[in-house]
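What follows is a set of notes on a single structure, which appears directly below.
Derivation of every value follows stated rules applied to the coordinates shown; laboratory data play no part. Computed from a predicted structure; not experimentally measured. In this analysis, Cβ positions are derived from the backbone assuming ideal geometry, glycine residues included, and neighbour counts consider all displayed protein chains.
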Amino acid sequence: MSIHSSLKTKSGNLASHRGVFTREERISKLTEAEKFSDGRSPLGLPKVLSVKLGGGKKEKASGDAVATPAVADKKAAAAKPAAKK
């Protein structure tokens, strides 16, 4: 049998965002947040939030960059002198 297309992984997809951590990963995150001490039992650890940072929208560059073609046409028409009369 073949694997369903939705279950296939890409070659670089192993390092993607995961919602589940191993015990070692949870201990390291809790140690960074100073919520886990060395003498504590590794069983019954609290949940660790896995925050995925979104890319967000890129801001448009300010200055001489023209946002739309309609604006570019108006600026070009305004720059040309009225030669025909």
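A few comments on the model shown:
- Multiplying the residue separation of Ala33 and Leu45 by 0.36 nm and subtracting their alpha-carbon distance yields 3.0 nm.
- Phi angles across segment 4-9 convert, under the Karplus curve 6.51 cos²θ - 1.76 cosθ + 1.60 with θ = phi - 60°, into 3J(HN,Hα) values of 4, 4, 6, 9, 6, 10 Hz, Gly and Pro given as x.
- With both labels modelled 7 Å from their Cα along Cα-to-Cβ, the Glu25 to Ser2 distance reads 3.0 nm.
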